[in-house]
Amino acid sequence: MRHHLSVLLLSLIALWTLPRLGAAEAGPLNVVVLYADDWRFDTLSCAGNPVVKTPNLDRLAAEGTRFTRSCVTTSICGVSRATLFTGQWMSRHGNPAFQMFKTPLSETYPGLLRDQGYWVGHVGKWHNGKFPQEAFDFGRSYSGRHFIKEPDGSMVHVTQKNQKDALEFLDTRPKDKPFCLTLAFFATHAEDQNPKQYLYQPESESLYKDVKITVPATGSDEHFKKLPAFIANEKNEGRNRWHWRFDTPEKYQEYMKAYYRMATEVDTACGRVLEALKSQGVLDRTLVIFTTDNGYFHGEHGLADKWYPYEESIRVPLIVRDPRTPEARRGGTNDEFVLNVDLAPTILAATGVKAPATMQGQDFAPLYLAAAPPAWRQEFFYEHATIKSVDFIPSSEALVRKEVKYLFWPDFKHEELFDLKTDAQEEHNLAADPARAAQLVELRKRFEELKSAAR
């Protein structure tokens, strides 16, 4: 088994042997956004995960910058995708779940780049109402199933289809135009109605077969009961999905291995895309970004999936390979709060396109390009709407800092306060502690200011 894994990893790495990066050639940068689904910040071997193998993304990080505290402002598929495109908080783009965002497409990064002569593509998951086919030069939208029937009747895995369509975009694009591709994978999202949840490609069966995955320290009923009562009950969807995937030791091993197999499959597809960029001679004129739409509970707090403002849910991987990066800084990490609202303005700035005043994020490229570190945010506002009912997924809001977090649950007028220095697992609510009264007043005030600014 170990020999099989070693051979597989070596073959994956061999697919993508990068040259030394030179300065970006004259002309506008191309853009490729590799956008995975339901990966949290540590679903990468380069982030210290002891199980999952992601050699291509590891290499991307070695040639770029990995952001260790990247977060989303809303942890759910549709909303975070609207934020990706618009550079706006949910409060402004107006999609509370899976609807079309209210911001005009002309004010999104794909729309703005297309107006500037870019050849613009979207492949894979959309999840913001009906896919606007007319807004893209190359648009193919699909998700929800791991195996998809092609027009000729054959079945293909969704990740293979993602890869095939992305490569077709790169092969058929006009060679005299800059391009922007958003490759929105469906993996590692579960197929919710399927009892197996994570349907990987058959050839991945041997991956992780002999590995034992450690159950998280907070993945027990004892820790589940430390959550607020309106979460710590069997009606809550996070608990419901925990039962689907993680409620026995055997099931935990089966489903986590399946999840990691799908992650490695996405990594392989990313490697194919990067190899195509290299073989076409455009890799060193292309801004490549890898990130995901939200974090994910792997059983922590006795929960599954995302939604809530706890660390596992809001923190996501972010890797940026920018040809402008000084050689001495390639392979570095950065621990500033970079948010999904920042991606659109960063893409626009890198391509020389002015971001509209309606975008709320910031160009974060100075964090890895500037000679001296720029002043940067030390906190941010998190928001999530109620989904279906307060029993299913209640609304949540938060003021997030590196060392402290204030949570407010609007449906229940309930507060939580966590000292992340001493309670990284977020299990001891200090909101009622008299010693924290002054701090709580300051946090409430700042929370309201940031909430207002997000509108």
Distance in nm between pseudo-label sites at Lys175 and Gln253 (7 Å out along the Cβ direction from Cα): 5.3
Take the alpha carbon atoms of the stretch 332-363, find their center, do the same for the stretch 54-93, and report the distance between the two centers in whole angstrom. 11
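Tell me the mean residue ellipticity at 222 nm calculated for the chain from its helices only (DSSP H runs of n ≥ 4, each -39500 (n - 2.57), averaged over every residue, nearest 500).
Value at 222 nm, helices only, nearest 500: -9000 deg cm²/dmol.
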Only residues of the stretch 367-404 count here: report those whose backbone N is under 17 Å from the spot 7 Å along Cα→Cβ of Arg455, or say none. 381-385, 397-398
For the residue pair Lys196 and Ala435, what label-to-label distance in nm results when each label sits 7 Å from Cα along the Cα-to-beta-carbon direction? 5.3
Please give the contour-minus-distance gain from Gln378 to Ala217: 0.36 nm per residue of separation, less the Cα-Cα distance, rounded to one decimal in nm. 55.1 nm
With a Förster distance of 45 angstrom and the Cβ-Cβ distance between Ala357 and Asn233, calculated FRET efficiency to the nearest 0.05 equals 0.55
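What part of the accessible area of the chain, given as a whole %, is carbon or sulfur when the probe is 1.4 angstrom? Can you show the working numbers first?
Working: 9320 of 17440 Å².
Its accessible area is 53 percent carbon and sulfur atoms.
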Here FRET efficiency (C-beta to C-beta, Lys225 to Leu369, R₀ 56 Å, nearest 0.05) is 0.75
Within straight-line cross-link reach of Lys278, aspartates and glutamates at Cα separation under 13 Å, skipping those fewer than 8 residues along the same chain: Asp171
Segment Glu203-Ile387, length gained on full extension (0.36 nm per residue, minus Cα span): 62.6 nm
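Which length gain, in nm to one decimal place, applies between Ser154 and Glu403 when the Cα-Cα distance is subtracted from 0.36 nm times their residue separation?
Values: separation 249, 0.36 × 249 = 89.64 nm, distance 5.17 nm.
The Ser154-Glu403 span can extend by a further 84.5 nm.
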Once amide H atoms are placed 1.01 Å from N in the peptide plane, what residues at a sequence separation of 5 or more from Leu339, or on another chain, have their amide H within under 5 Å of its amide H? Cys71
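Among bridges DSSP assigns within the chain, what percent are antiparallel (round to 5)? Write out the running numbers ahead of the final one.
Details: 29 of 55 bridges.
Looking only at bridges with both residues in the chain, the antiparallel portion is about 55 percent.
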Give the separation of the Cα centroids, the stretch 230-295 to the stretch 166-189, in Å. 20
What lysines could a cross-link reach from Lys421, if we take a straight Cα to Cα line under 30 Å and drop same-chain neighbours fewer than 8 places away? Lys53, Lys212, Lys225, Lys226, Lys306, Lys402, Lys405, Lys413, Lys445, Lys451
Over the chain, what is the relative contact order in whole percent, taking alpha-carbon pairs under 8 Å and six or more residues apart? 25
Using only the alpha carbons of the chain, what is the convex hull's orientation-averaged projected area in square nanometres? 21.3
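The values are calculated or read from the model by the stated rules, or taken from the named source; none is laboratory data. Treat the numbers as computed from the prediction; the structure is a model and nothing was measured. Please note: Cβ atoms are built from the backbone with ideal geometry, for glycine as well, and neighbour counts cover all protein chains shown. Please note that ligands, DNA and RNA were not included when accessible areas were found on the heavy atoms of the full protein model with its side chains. Shrake-Rupley method; radii C 1.70, N 1.55, O 1.52, S 1.80 Å.
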